[in-house]
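The values are calculated or read from the model by the stated rules, or taken from the named source; none is laboratory data. Computed from a predicted structure; not experimentally measured. Note that we place each Cβ from the backbone using ideal geometry, even for glycine, and neighbour counts take in every protein chain shown. Ligands, DNA and RNA are stripped out before the accessible areas are found, and what is left, the full protein with its side chains, is counted by its heavy atoms. Shrake-Rupley method; radii C 1.70, N 1.55, O 1.52, S 1.80 Å.
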Amino acid sequence: MKRKTLALTLAAAFAAPTVSAQTTDQKIEVLQQEIDGLKAQIRKMPAPGPQSFFDYASPLDRTPGLGSGGTSFVGYGEMNYNKFRDSGDAKADLRRFVFGFNHRFDDRLTFHSEVEIEHGVVSRDDDGEAEIEQAWLNYKFSDAVNVKGGLFLIPLGILNETHEPPTYYGVERNEVETRILPSTWRELGFGVHGELGEGFRYDVGLTTGFSSGKLDDPSAGIRSAHQEGQRADARNLNVYGTLNYRQPGLLVGGGVFTGSTGQNGQANPLLKGVAARLSLRDLHAKYSIDRLELQALYAAGTLGDTDQLNAAVGVPGGFAVPKSMKGAYAQAAYHVYKEDKLDVAPFVRVERFDITQQEDPANGLLQDPNIHNERVRTIGVNFKLHPQVVLKADVQRYRNDKSLDRFNLGVGYMF
């Protein structure tokens, strides 16, 4: 009996390692299958969509491999072709070539910059321009409180902060956010911004503004009085404030910008003591569900003391200065093909804008009919070879100014 018990005990002792080894091998095999499954799921995940070139909420936090003390190089650009319907004329243009540097001094202090070259060649005899579009510092006290200072983009509308070609539809930027909100629009100043929780983000600040003594193109609203941080008249400072609500697939927000533009006659002595207050405001929304994207925006503005501005500025061309501006657009896009990095999205956009001018018939200053209650239709397609590289084609039709009807082609990139 004892011999039988001993034999069973020895058999169990020798069998135990075999069972244990088999169990370990099975566990390893199961883990390997799980890893292979996770890899397959990752490969099937869609590529991340493009982000704003400078999303000032945390621009360096999204830069891979950029730690404390790191510097990143970024850029974007676009090449456009326009063939006009009535005249048959066609233009090809290296519209923008942009590069910038971001630097993180530490976990709280960062620097952001952007240099833009327009139209390929910059010289005294060419149309090209070279400009500093952004150069600002940001100090992060917390997610709720950031302080920025320098030359930065005013956070009104959708396009002004997110203006890289892969991030918007159409070869040309929309008219409402070009004529009413003068994108790309930057000012020198200080701002405070941050997250309020539950998807809300605010941004308020004190900046330079427009100088109405420099106004020379009323067809573009107040745009031509934009100072761009170049020896800006700063007797009258302006204030702005924006509030946005974001959730996955949803953006709703709005903002205001207001201040005097007379600058106590710095640009034109005839405007000494003239306030010429400008107020701009906007409401905007974006919504996406599955393959469908919807976007809409309304913008409006008023300019005071326009009768005195007419007398002082003497706008060339016989057109009066703008006294009120408003516009809106609605846009829809549908991703008909979206596989890996490729993305094909036809879109349609309908715009309407109205720039009303302070007429002065006695001095021959009248309303420009081409900017009064103009409507624009754009139909086209964006074809992304990569989330950061896009090919574009569209057709645009204007109700009043038929000379602008055209077919457009474009190539854009960002990194």
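Taking amide hydrogens as placed 1.01 Å from N in the peptide plane, the amide H of Asp343 sits under 5 Å from those of Lys384, each at least 5 positions away in sequence or on another chain. Seen from all directions on average, region 289-415 presents a Cα convex hull projection of 10.1 nm². Taking each of Lys214/Lys323; Lys286/Lys392; Lys83/Lys392; Lys91/Lys392 in turn, the alpha-carbon distance tops 19 angstrom for Lys286/Lys392. With the full set of protein chains in place, find how many percent of the accessible area of region 158-300 is carbon and sulfur; take the probe as 1.4 Å. So the carbon and sulfur contribution to the accessible surface is 56 percent. Taking a Cβ cut-off of under 11 Å around Gly120, the surrounding Lys, Arg, Asp and Glu residues balance to a net charge of -3, with basic ones at +1 and acidic ones at -1. Sorting 369-375, 179-185, 294-300 by average packing, meaning the other beta carbons within 10 Å per residue, from highest down gives 179-185, 294-300, 369-375. Over region 231-278, the fraction of Cα-Cα pairs per 5 Å bin, rounded to whole percents and listed from the shortest bin up, is 5, 19, 20, 13, 11, 8, 8, 8, 5, 3, 0.
Taking amide H positions as modeled 1.01 Å from N, with prolines and chain starts lacking one, the residues under 5 Å from Leu365 and 5 or more places away or on another chain are Asp360.
Rolling a 1.4 angstrom probe over the protein heavy atoms with all chains in place gives region 160-254 an accessible area of 37 Å² per residue.
Here the contact order of region 194-293, divided by its residue count and restricted to Cα pairs under 8 Å and six or more residues apart, works out to 25 percent. Across region 248-324, counting alpha-carbon atoms alone, Rg and Dmax equal 18.4, 57 Å. Rounded to the nearest 20 debye, the dipole size of region 304-394 about its Cα centre is 480 debye, using +1 on the Cβ of Lys and Arg and -1 on the Cβ of Asp and Glu.
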